[in-house]
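This report refers to the structure that appears directly beneath it.
Each reported figure results from applying straightforward, stated rules to the coordinates on display, with no laboratory input. Not measured: the values here are computed from a predicted model. All Cβ positions, glycine included, derive from the backbone under ideal geometry; neighbour counts span all protein chains shown.
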Amino acid sequence: MYLIRNILLLGLVTIAFSACSTLSKSECLTANWKTIGYGDGTKGYKASRISQHRSACAEYAVQPDLNAYNTGREEGLHQYCIPTAAYNKGLSGYQYNGVCAGYNERAFIAAFNHGLTIYKAKTRLKNLKNKYTEEQSYIADLESQLHEKEDRLVSGKLSKVKALMLLNETKEMAEELGKAKSNLEHLDNRIYKQAQHIKYLKNQNIN
């Protein structure tokens, strides 16, 4: 049992290590470091990414070609650090890690921030819509409870004391329902304004 447990633990460690490795054994043994560098550049990885590759390939006695890697990464960064790509990355909520210094970074950041602003605005719109849906469900629940209490009131089966208590409950619930409907209307207005704001942002010229 002890041996089996150790084997299982070793297997888990191996799997965890493999999941953290940037390159597999076959990739290390057949590595074209310029191509790897280019791929990392197009993905916006920092120069320190080579250290992760070095660690991944160390157990196979493979050392990265630093010059080839850097040459490829620089070529990749030329593709990564362009305003069009920056805008799309911002629009997806991507976090910029400062790799475009020397690659027209000012234009990159401007486009990136514009996309990020729209991403955040869309996130706010999504949250407002979620709140709207929740408020609709709350209103439906209140209306159902209120109708049930009203049916009990008109049934004539309650004592005066219970009927009075139930009447007060319906009044309080009706007030709460009114507030909820008012809030729903307010949310609807905010949703409309937020959607218009997003349209305005999309039509802005960042150049």
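The trypsin sites (Lys or Arg not before Pro) found in segment 31-113 that occupy coil by DSSP, while having at most 16 further C-beta atoms within 10 Å, are 43, 46.
Between the helical axis of 49-58 and the longest alpha-carbon principal axis of the chain there is an angle of about 70 degrees.
With respect to the chain, whose longest principal axis is taken over its alpha-carbon atoms, helix 2-20 is tilted by about 80°. Work out the length of the dipole vector of segment 114-203 about its Cα centre, built from +1 on the beta-carbon of each Lys and Arg and -1 on the beta-carbon of each Asp and Glu, and round it to the nearest 20 debye. Computed about the Cα centre, the dipole is about 640 debye. For residue 149, the lysines whose Cα comes closer than 18 Å to its Cα, not counting residues fewer than 8 places off in the same chain, are 157, 160, 162, 171. Charged neighbours of residue 56, selected by a Cβ distance under 11 Å, balance to +1 (K, R count +1; D, E count -1). Helix content alone sets the calculated 222 nm mean residue ellipticity of the chain: runs of n ≥ 4 DSSP H residues at -39500 (n - 2.57) each, divided across all residues, give -27000 deg cm²/dmol. Diffusion of segment 23-113 by Stokes-Einstein, at 25 °C in a medium of 0.890 mPa s and with Rh set to the Kirkwood radius over alpha-carbon pairs, works out to 180 µm²/s. So which of 89/193; 126/181; 46/126; 43/202; 126/199 end up more than 23 Å apart, counting from Cα to Cα? Distance filter (> 23 Å) returns 89/193; 46/126; 43/202.
Summing charges over all other residues whose Cβ lies under 15 Å from the Cβ of residue 69, with Lys and Arg as +1 and Asp and Glu as -1, gives +1.
Each Lys or Arg adds one and each Asp or Glu subtracts one; over the other residues with Cβ under 14 Å from the Cβ of residue 170, this totals -4.
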